[in-house]
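Encoded as structure tokens, the structure appears first; notes follow it.
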């Protein structure tokens, strides 16, 4: 069996697959965002599995979390805003495309602004000895090697050459010697150390494949590989986009090379948090979309409970109910939350190319809500199809390992054999959704300055 490890925001998941398609799974939550907790969670997850059947391991992990000489800065932490502004002021879009194969997005969690931020907050005479991300910590624990891939270091590495940008290393004043070595996700980074094998109950010396970031691994696990494939990956944040033949050079979206093509997408910051709020406070799980299809008096909701990334890139934005009346019910508000989350994904889709879109493949916890999927299908006007495998990042890591182990000659063959889907949810006409969406966008524009003032008086 091949084991795909995915280190997420709050837990480790391991999916094991054999050549007959049999699957074993394990997971373990961790309490603190530390290297020690991550490794403990990996050991605990392996203890739940029949580890003697595992013959190879492949890796996937959250990115945007950096460890500089042992100090961890999570992707969810603040810091790097000024460094990002400076970076985008100093360099042109053309320079970014030449050096890192993409226009640098308005995200502080990318390597250059974050590393620059960390540098400014260390002692003046301190010279960093090691900078890495969580996947490299796992790699070192398993193999003793400090290896990674160019996809996990988007924003600092050239995606075509697979090497760090010397121009941006010079800008940061660091050497690639303190960073992980880069290689293809499908290459073997090393073999399992004896001590680690004993701790995890695994066989010594089994191959470990480099793997990639959790987002790209999730796309693979969903079967997203060809130009025209569209995706909606739900979770703490939500990624909405498509595979394109050429790089989309539009600052409103994030676009970069992906396998043999390119990916273009936007990512929210608050869709998962908004749905959690609706489930916790408003019983969103009981809301029927059909009940609200033709209802006129309904509030709107801006789902920016943790600020927002694409397409508004406003960390100060917050959740807002608009249009509350005396007879508004908790159920009305719950529907507004669900609709607002759908609007946030369509807001991203507006900036993406729309020709030849056939369907939307979706995955993640929110896809269990059929009402939300029907609402999205109606809003987007295309079928929504749920991937059967929910743990897509760990599953995608398995697929990388399967190609590395020569189970399949290429990724497309692996996808054809390993990916399956539920029945499509077909779109139905609902013109009022687009009308409400236009007002939804206007509410944010009108409140943008007030969010800044709200932050000031709240501190």
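Taken together, the values in this text are just the output of simple stated rules run on the coordinates, not laboratory data. Predicted model, so just to flag it, every value in this text is computed and none were measured. Please note: Cβ atoms are built from the backbone with ideal geometry, for glycine as well, and neighbour counts cover all protein chains shown.
In percent, rounded to a whole number, the relative contact order of the stretch 123-174 is 17, using alpha-carbon pairs under 8 Å and six or more apart.
Give me 253, 225 ranked fewest to most by other Cβ atoms within 10 Å of their Cβ, as a rough exposure proxy. Intermediate results must be reported in sequence, preceding the final value.
Values: 253 24, 225 21.
In increasing order of surrounding Cβ atoms, one gets 225, 253.
As a length-normalised measure over Cα pairs under 8 Å and 6 or more apart, the relative contact order of the stretch 1-129 settles at 21 percent. Each residue in 163, 25, 431 was given a count of other beta-carbon atoms within 10 angstrom of its own, and listing them fewest first yields 431, 163, 25.
The distance separating the Cα centre of the stretch 186-205 from that of the stretch 1-53 comes to 14 Å. Rounded to 0.05, the FRET efficiency of the residue 53 and residue 458 pair, given R0 = 51 Å and the Cβ-Cβ distance, is 0.45.
If I fit a long axis through the Cα atoms of helix 330-349 and take the longest principal axis of the Cα atoms of the chain, what angle between them do I get, 0 to 90°, rounded to 10? Helix 330-349 and the main axis of the chain meet at about 60 degrees. Taking 0.36 nm per residue of separation and subtracting the current Cα-Cα distance, fully stretching the chain between residue 279 and residue 29 would add 87.9 nm.
Apply 1/(1 + (r/R0)^6) to the Cβ-Cβ distance of residue 166 and residue 368, taking R0 = 56 Å, and write down the FRET efficiency to the nearest 0.05. If you can, show how the numbers build up before the last one.
Details: r = 46 Å, r/R0 = 0.83.
That pair, residue 166 with residue 368, gives E of 0.75.
Working out 0.36 nm times the residue gap between residue 90 and residue 416, then minus their Cα-Cα distance, what length gain in nm do you get to one decimal? If you can, show how the numbers build up before the last one.
Values: separation 326, 0.36 × 326 = 117.36 nm, distance 4.47 nm.
Extra length available between residue 90 and residue 416 comes to 112.9 nm.
How tilted is helix 134-143 with respect to the longest principal axis of the chain? Cα atoms for both, answer in degrees (0 to 90, nearest 10). Tilt of helix 134-143: around 30 degrees. Summed over qualifying helices (DSSP H, 4 residues or more, each -39500 (n - 2.57)) and divided by its residue number, the chain shows a 222 nm mean residue ellipticity of -11000 deg cm²/dmol.
The angle separating the long axis of helix 431-458 from the principal Cα axis of greatest extent in the chain is about 70 degrees.
Where both bridge residues fall in the chain, DSSP classifies roughly 70% of the beta bridges as antiparallel.
Summary value for the chain: 16 percent relative contact order, contacts being C-alpha pairs under 8 angstrom separated by 6+ residues. A protection proxy built from the mean count of other Cβ atoms within 10 Å ranks the segments 265-272, 394-401, 86-93, most packed first, as 394-401, 265-272, 86-93.
Exposure proxy shown here: for 171, 66, the number of other Cβ atoms within 10 Å sets the order, fewest to most, as 171, 66. Listed values (i) -0.76; (ii) -0.59; (iii) -0.66 include one computed from this model; for log10 I(q)/I(0) by the Debye sum over Cα atoms at q = 0.09 Å⁻¹ that value carries the label (ii).
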